[in-house]
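> Attaching a single structure in structure tokens format; questions to follow.
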Amino acid sequence: MTADIDINGARLLGRLDQFAEIGATARGGVNRQALTELDREARSLLAGLAATRGFAVFQDPVANLFIRRSGRDDRAPPLLIGSHLDSQPAGGRFDGALGTLSAFEVLESLEDAGIETDRAIEVVAWTNEEGCRFAPGCMGSSAFSARAIPAEWPDFVATDGAVFGDELRETLEALPQAAMRDLGMPVHAYLEVHIEQGPSLEKDDIPIGIVTGIQGTRWLQVNVSGQTAHAGTTALSYRRDPLRAMISALDTLYSTVMPQDESARFTIGRIEVEPGAINAIPALARCTIDIRHPDPLAINRLNVTIEQCFRERAEAQRCEVLFKRSFDMPPATFPEKLLTVLERAAEGTGLATKRMVSGAFHDALFVNRIAPSAMIFVPCRDGLSHNEAEYTAPGHVVSGARLLLQSTIELAKG
Ligand SMILES: [Zn+2]
């Protein structure tokens, strides 16, 4: 069942154009990095549009921006819908803006149709999703979920020399009309529309991806140590060559990890040897390993397999191996109940869907820690994103927002 109401597609497409002017680049993209003057301009524009429609505007201490349309029961936790407004330095006009403006279009469509909902609906624009000016990414949604801003953040220095604490304060001060609220709150559920940032929907000619979760990432630092020795005088039986051990282990892992599991990702991005002389056996070989998988148990299994393989090969070369975990982001699994709501709404709207895992991080990963969350993906041309040429066809923009509207109406019930 879907409600007899639709979004205003022309208005949404117009808004996307309007926001793409803020930080527009010569090649048709957007450079609107987090907490810059341009980011403030986009936030102000959205807050102004909200005020015109009579919606309440709030911000929290990490400058997440909220636009609230009240419901019959204003004490019930709100349904949250949105995304982010910041971009990559050579970013596209859809990454983030699409989800935020689709959410705002849902609010306006409900207002136009005079539909009252049981619970309040809030549009959110999360702060610094991209993480390119200030790392890490998803600062707004992670602080919201943890109900705290980590003590070290205010001193973080941006790629352009700006200090996070100063930029955050100026951003908050630039929107005095937004009432200040505490960090974090009870949330009924969270929905986010986003471009896929990959080629799979376009390839299958399907307009909607129902995202089942976001894969987890673990980074390992591997050090294999042996003994440096003369390249000319050291016979094979005397060598303790850590590079040989590493190459042997990696060769096995390359030919097993991804070929045996299509959900697994295994990437070596950096290898270094010491002392690095052309005529010496290395004393030390170091590499980084990036493993990703939607299943947390599979990440642990992969980790064990990798360590075993390295130990074996190091032993064969009479070398030692040490592992250090430098980053660990568990996967998010979105609740089945919410996925079913999205699929039913898509069916009622006549939109074909397929389930998929997100390879990239999103704010929904963090919000899912405190409230049931889910994402709607729409196709983007050639799977291109974080690129000025990023493009999503108007029909897909409208489909994503239409599905968000119908799912929102369903979830805003009692
Ligand atoms: Zn994004």
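The values are calculated or read from the model by the stated rules, or taken from the named source; none is laboratory data. Small disclaimer: the values here were computed from a predicted structure and weren't measured. Glycine gets a Cβ as well: all are built from the backbone with ideal geometry, and neighbour counts include every protein chain shown.
> Would you check which residues across segment 361-401 are farther than 19 Å from Leu16 by Cβ and polar (S, T, N, Q) and list them?
Asn368, Ser373
Conditions (1) within 31 Å of the chain's Cα centre (by Cα); (2) basic (Lys, Arg), marked per residue:
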position	(1), (2)
Ala178	yes, no
Arg181	yes, yes
Gly198	yes, no
Leu201	yes, no
Asn223	yes, no
Ile247	no, no
Pro259	yes, no
Thr267	yes, no
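> Ok, one more. Can you tell me which residue among Glu170, Glu192 is crowded, with 17+ Cβ neighbours inside 10 Å, closer than 27 Å to Asp39 by Cβ, among the charged types (D, E, K, R) and outside the structural domain of Gln308 (by TED's automatic domain parsing)? Quick ask: steps written out before the conclusion?
Working: Glu170 fails: crowded, with 17+ Cβ neighbours inside 10 Å.
Checking each option against the conditions leaves just Glu192.
> May I pose another question? Just need a number here: residues in segment 105-128 that are over 14 Å from the mean Cα position of the chain (by Cα) and within 16 Å of the ligand (Cβ to nearest atom). Talk me through it step by step, then tell me what you get.
First, the residues of segment 105-128 that are over 14 Å from the mean Cα position of the chain (by Cα): 105-124.
Then keep just the ones that are within 16 Å of the ligand (Cβ to nearest atom); that gives 123-124.
Looking only at that region, the number is 2.
> Now for a different question. For segment 61-98, enumerate the residues that are near the ligand (Cβ under 10 Å from one of its atoms), within 19 Å of Ser407 (Cβ to Cβ) and among the small types (Gly, Ala, Ser).
Result: Ser83, single match.
> Scan segment 228-237 and tell me whether some residue there is buried (at least 18 other Cβ atoms within 10 Å of the Cβ) and more than 23 Å from the chain's Cα centre (by Cα). Step through it out loud before you land on a result.
Keep residues of segment 228-237 that are buried (at least 18 other Cβ atoms within 10 Å of the Cβ), which gives 228.
If we keep only those that are more than 23 Å from the chain's Cα centre (by Cα) too, we end up with 228.
Yes - at least one qualifying residue is present in segment 228-237.
> Let me ask you something else. Just checking, which of Val397, Val378 is farther than 26 Å from Gly114 by Cα and within 16 Å of the ligand (Cβ to nearest atom)? Can you show your working first?
Working: Val397 fails: farther than 26 Å from Gly114 by Cα.
One residue alone meets the criteria, Val378.
> Here is a check on your reading of the model: is Gln197 out of contact with any Phe, Trp or Tyr (no Cβ under 6 Å at 6 or more places or on another chain) and farther than 27 Å from Gln88 by Cβ? Outline the logic, then answer.
Numbers: out of contact with any Phe, Trp or Tyr (no Cβ under 6 Å at 6 or more places or on another chain): yes; farther than 27 Å from Gln88 by Cβ: no.
Judged against the criteria, Gln197 is not a match.
> Would you confirm, using the coordinates I've provided, whether Gln33 is in contact (Cβ under 8 Å) with a residue 60 or more places away in the chain and touching a Lys or Arg at 6+ places or on another chain (Cβ under 6 Å)? Even if it seems obvious, please write down each step before you answer.
Numbers: in contact (Cβ under 8 Å) with a residue 60 or more places away in the chain: yes; touching a Lys or Arg at 6+ places or on another chain (Cβ under 6 Å): yes.
Yes; evaluated as a whole, the condition is true for this residue.
> Output the residues belonging to segment 339-357 that are touching a helix residue (DSSP H, G or I) at 6+ places or on another chain (Cβ under 8 Å) and of a type outside the set (D, E, K, R). Spell out how you get there, then give the answer.
Restricting attention to segment 339-357, the residues satisfying the condition of being touching a helix residue (DSSP H, G or I) at 6+ places or on another chain (Cβ under 8 Å) are 341-342, 344-346, 348-349, 351-356.
Of everything in segment 339-357, those that are touching a helix residue (DSSP H, G or I) at 6+ places or on another chain (Cβ under 8 Å) and of a type outside the set (D, E, K, R) turn out to be Val341, Leu342, Ala345, Ala346, Gly348, Thr349, Leu351, Ala352, Thr353, Met356.
> Touching a strand residue (DSSP E or B) at 6+ places or on another chain (Cβ under 6 Å), assigned by TED's automatic domain parsing to the domain that holds Ala103 and surrounded by fewer than 18 Cβ atoms within 10 Å (Cβ to Cβ): does that describe Ala179?
Criteria met by Ala179.
> Would you confirm, using the coordinates I've provided, whether Ile7 is under 12 Å from Glu105 (Cβ atoms) and hydrophobic (A, V, I, L, M, F, W, C)?
Spelling it out, Ile7 is indeed under 12 Å from Glu105 (Cβ atoms) and hydrophobic (A, V, I, L, M, F, W, C).
> Looking at Gly216 and the list (1) touching a Lys or Arg at 6+ places or on another chain (Cβ under 7 Å); (2) more than 28 Å from Leu65 (Cα to Cα), which single condition is not satisfied?
Exception for Gly216: condition (2).
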